[in-house]
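This report concerns only the one structure given below.
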Amino acid sequence: MDDQERRDRGTAKRRKVLGDIWVDKSAASSNDFNASFYDLITRYAWGDIWQRPHFDDRTRRILVIGTMVALGHWEEFRLHVRAALAEGGFTPDDIKEILLQQAIYCGVPAANTAVREANGIIQELGLLAG
């Protein structure tokens, strides 16, 4: 596969996982400084790694959300939680179970922040019952 095909496949996968609104917003912010980086992640993260056949998108989403908790990358965490709920068919209970699992392996402070951040997204999306 050449770079253009990888770029095209990566863009399509990125749209499927994160949604058109996010990808369009990201593309609109492209400039001479960051365009090479966006191209790199589109071709390699989205056009190669997310295309591999072993794990489905749901499993990859779980891995990414859990990894963002472990690393404390809250902006990326919020992006992927929102996308999982809005685009990926995840429920608040799915997110809750990921965070409970991560509390054991990443620690309560990281999970505490994750629960607070995810709760805000769930409320924002109108998915919180009672």
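Each reported figure results from applying straightforward, stated rules to the coordinates on display, with no laboratory input. Keep in mind the model is a prediction, meaning the values are calculated, not measured. So basically every Cβ, Gly included, is an ideal-geometry build from the backbone, and we count neighbours across all protein chains shown.
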Regarding region 23-35, can at least one residue be identified that is within 19 Å of Leu79 (Cα to Cα) and among the charged types (D, E, K, R)? yes
Worksheet item: Is it fair to say Phe90 is part of a loop (DSSP other than H, G, I, E, B) and among the aromatic types (Phe, Trp, Tyr)?
Response: yes
Cβ pairs under 7 Å, 6+ apart or interchain, first in region 9-32 and without any contact (Cβ under 8 Å) to a residue 12 or more places away in the chain, second in a helix (DSSP H, G or I), ordered by first then second residue, are Arg15/Val23; Ser30/Tyr38
Scanning region 93-130 for residues that are among the hydrophobic types (A, V, I, L, M, F, W, C) and in a loop (DSSP other than H, G, I, E, B), the one surrounded by the fewest Cβ atoms within 10 Å (Cβ to Cβ) turns out to be Ala129
Filter region 18-53 for residues that are more than 17 Å from the chain's Cα centre (by Cα) and not hydrophobic (A, V, I, L, M, F, W, C); the one that is surrounded by the most Cβ atoms within 10 Å (Cβ to Cβ) is Asp39
